[in-house]
Amino acid sequence: MSVYRGLIGCVLLMAGGASPALAAPSGAAARPSSIADCRDLRIDPPRVADGPVVSLRLDGGNLTVEDAFAVLTAPRLRVRLDPEAVRTMRRYREDAVALVTRQDPPPPRVYGWNQALGPLKDRSIGVEESAEFQRRILASHGVATEPVLDGAITRLALVIRANQMARGHMGVRPELPRKLLELVNKGVTPVLPQVGSLGSGDLQPMAVAGLVATGGAGACAGLSRPGQATLVAPAGEILREAGIAPLELEMGEALPIVSGSTVVAAGHVAALRRAEAQADHAEGAFALFMEATRAEAGSLDPRTHAERGIPEEERVAARLRALVRGSAFMTGRTRVRFNPDDTDRIQDAVSVRAAPHILASLRQNLAHSRQVLRQEMNASTSNPLLFRDGDGQVEFVMGGNWDGAVMGHNLDALNAGLADVGVLSQELSARLLSSRWSYGLPANLAGGPVGLNSGMVQLQTVATALIPEMQVRAFPSGTLSRPAKDGQEDHNSMAMASLRNLLANQERLDTVLAVLYMMSAQGVDLVVRGIDDGAPPPRLGDGTGRLQAVIRSRIAELENDRNLTGDLQEMIVLVNGRGDDRLRQAVRGTPTTPNPALTQTTATPAR
């Protein structure tokens, strides 16, 4: 009804009046829109492009990181439970209900089934109160605030949770994960708040997801259909529009929805996908910088990196060698052709020589993220859990499998690695401003007369301005536990804060990398322009030549000064790859495809 009240209010306001229910108190500003009334919320693009259906089958043990990437990018999904997983879930569920409802002997006291939650864990819940208890868990736990999560992350969280439930150890009916997947398959996305989760289970956002699945009040959802406008409205309206019947929860089913750091896991996947692209671009931008400064190739010598014995370092150096392979820029002859005084370099600065080591550290963090996520997505992350004893009888075990500490600390490490890459990239772009540090490039990379032209100095300042922000947001939230809930939850991983900091820094890093790309491309052009000996210009490397071509296809060389804001935005688009992934493909040396993420995928082959 809030949508219709809002429409009536708009009509009255346009007519010169105001609805009494909507009018602000005298002397007070009108209340802003919020997650509470589903107004002006955006979780997806206004219109979702069509594409092939990505199909997955979940069995609780075989969801891969690549499958999760596909969920993030697919406009249409068809996800279902494996039949054997359904049978496993039913067996666990039947035995669990029989255990907690038996009369003689008395049933065990089980958290969230016949006992209350949190500090109230010692309060009993009767069987006759169970259905109402489930509704109240979701209503009470769904208290949080904006900003809201990206719709792709939310959909992935539902898929991950369904896969975790498919293992059977949470004791829920198959109907529950099937309902979560029905939302995904029909384009319904709960509007999940980011602020509230302490990383000790994503209680607040997942409670809102539960409210949407059950048609509860106080939750918003989006409906996205390829080729149509995305609609955001109260959950009940969206379910009716999508033809989805709300699910009625039964004993013990609300807690498995909210218990577990599922939203953090989904956000971690999204951050990993973006970070892998940013690691590629860090290498690409560095290789183009080496060309612009005519750097010494000795720092890439494979013998040096083999001696260190770090596989990621050896691979980074090998990729950099491939990018600059065939370069005539990084030779003594070109150095002297451009700058006759450039004869005593001996070796480059630390930022240049140590770059393979720094970039290797980031690659190690990325590899560890993949391992952590592969385990997390295929594990039962709830409390309590059901297991069978040696006689095949089920028993409830209370524990802490919902905790997000492992993911949170990994997110902090990944954030630190990306922040360090940002610092490195900013330092490299700063070197390009200096004629001394760049071995003779015009001051500020000015394309015309220096002085009359200020060049790219203010472009580089954009990167410099972002670095302190990145450094502040890279502080590890996992060291900042806060006790909560009357001491019952006295240690919290704060993993959601770690995720939010990381996602924010990734936005900043795209800009820092874009600045280095732009300035390196300008440096390359200035080297060519500065050689006037009549001989053909030097050749770029195999990979750096591709990079220069992609950049120049969108951004013209800077001759006399112009406002570079639009050029920077174009470069950021090339870096983030939204709609144009040519630059990353140029780094990787792979053919460009229109949208490589939109491919048919099967998580678990038929058995």
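Output yes when any residue across the stretch 247-263 is over 29 Å from the mean Cα position of the chain (by Cα) and open to solvent by 30 Å² or more (accessible area, probe 1.4 Å), and no when none is. Yes, because at least one residue in the stretch 247-263 is over 29 Å from the mean Cα position of the chain (by Cα) and open to solvent by 30 Å² or more (accessible area, probe 1.4 Å). Ala131 fulfils the conditions (1) open to solvent by 10 Å² or more (accessible area, probe 1.4 Å); (2) under 33 Å from the mean Cα position of the chain (by Cα); (3) touching a residue at least 60 places away in the same chain (Cβ under 8 Å) except for a single criterion, (2). Looking across the stretch 153-178, the residues that are over 14 Å from Leu255 (Cα atoms) and open to solvent by 10 Å² or more (accessible area, probe 1.4 Å) come down to Ile153, Arg155, Arg167, Glu175, Arg178. Looking only at residues of the stretch 50-73 that are β-branched (Val, Ile, Thr) and crowded, with 20+ Cβ neighbours inside 10 Å, we find that the one that is farthest from Glu395 (Cα to Cα) is Val54. Count of the stretch 334-348 residues, restricted to those that are more than 16 Å from Pro538 (Cα to Cα), of a type outside the set (Ser, Thr, Tyr) and open to solvent by 30 Å² or more (accessible area, probe 1.4 Å), is 4. Pick from Arg109, Arg76, Arg80, Arg91: which is within 15 Å of Met398 (Cβ to Cβ) and among the charged types (D, E, K, R)? That would be Arg109, the only listed residue that is within 15 Å of Met398 (Cβ to Cβ) and among the charged types (D, E, K, R).
Might you let me know whether the stretch 414-431 holds any residue that is assigned to a helix (DSSP H, G or I), open to solvent by less than 60 Å² (accessible area, probe 1.4 Å) and among the basic types (Lys, Arg)? Yes, the conditions are met somewhere in the stretch 414-431. Is it the case that Thr304 is among the hydroxyl-bearing types (Ser, Thr, Tyr) and touching a residue at least 60 places away in the same chain (Cβ under 8 Å)? The answer is no for Thr304.
In the set (1) more than 22 Å from Thr230 (Cα to Cα); (2) at pLDDT 95 or above; (3) within 34 Å of the chain's Cα centre (by Cα); (4) of a type outside the set (Asp, Glu), the condition left unmet by Arg31 is number (2). Do we find a residue being within 25 Å of Glu376 (Cβ to Cβ) and at pLDDT 95 or above anywhere in the stretch 314-331? Taking every residue of the stretch 314-331 in turn, none turns out to be within 25 Å of Glu376 (Cβ to Cβ) and at pLDDT 95 or above. The listed residues are Pro190, Pro174, and the only one of them that is over 17 Å from Gly151 (Cβ atoms), modelled with pLDDT of 90 or more and in contact with a strand residue (DSSP E or B) (Cβ under 7 Å, 6 or more places away or on another chain) turns out to be Pro174. State whether one or more residues within the stretch 266-275 are surrounded by fewer than 21 Cβ atoms within 10 Å (Cβ to Cβ) and modelled with pLDDT of 95 or more. Yes, that holds for at least one residue. Just one of the listed residues (Thr331, Thr293, Thr304) is closer than 14 Å to Gly541 by Cβ, surrounded by fewer than 22 Cβ atoms within 10 Å (Cβ to Cβ) and among the β-branched types (Val, Ile, Thr), namely Thr331. For beta carbons closer than 9 Å, sequence separation of 6+ or different chains, a first residue in the stretch 356-372 that is at positive phi and a second that is in a helix (DSSP H, G or I) and open to solvent by 10 Å² or more (accessible area, probe 1.4 Å), there are no qualifying pairs. I'd like to check something: does the stretch 357-368 contain any residue that is open to solvent by less than 30 Å² (accessible area, probe 1.4 Å) and among the β-branched types (Val, Ile, Thr)? Among the residues of the stretch 357-368, not one is open to solvent by less than 30 Å² (accessible area, probe 1.4 Å) and among the β-branched types (Val, Ile, Thr), which makes the answer no.
Checking Val550 against (1) in a helix (DSSP H, G or I); (2) touching a Lys or Arg at 6+ places or on another chain (Cβ under 7 Å); (3) at pLDDT below 95, which single condition isn't satisfied? It is condition (3) that Val550 fails.
Here Leu223 does not qualify as farther than 18 Å from Pro46 by Cα and either out of contact with any helix residue (DSSP H, G or I) (no Cβ under 9 Å at 6 or more places or on another chain) or not hydroxyl-bearing (Ser, Thr, Tyr) (or both).
To keep it simple, each residue is scored yes or no on (1) in contact with a Leu (Cβ under 7 Å, 6 or more places away or on another chain); (2) of a type outside the set (S, T, N, Q).
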| position | (1), (2) |
| --- | --- |
| His357 | no, yes |
| Phe387 | no, yes |
| Gly400 | no, yes |
| Gly404 | no, yes |
| Asn410 | no, no |
| Ala419 | no, yes |
| Leu424 | no, yes |
| Arg431 | no, yes |
| Ser438 | yes, no |
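If you scan the stretch 93-113, which residues turn out to be free of Cβ contacts under 8 Å to residues at least 24 places away in the same chain and either in a helix (DSSP H, G or I) or touching a strand residue (DSSP E or B) at 6+ places or on another chain (Cβ under 8 Å) (or both)? Matches in the stretch 93-113: Glu94, Ala98, Arg109.
The values are calculated or read from the model by the stated rules, or taken from the named source; none is laboratory data. Owing to the predicted nature of the structure, the values given are computational and were not obtained by experimental measurement. Here the Cβ is made from the backbone with ideal geometry for all residues, glycine too, and neighbour counts use every protein chain on show. What goes into the accessible areas is simple: the full protein's heavy atoms, side chains included, and nothing from ligands, DNA or RNA. Shrake-Rupley method; radii C 1.70, N 1.55, O 1.52, S 1.80 Å.
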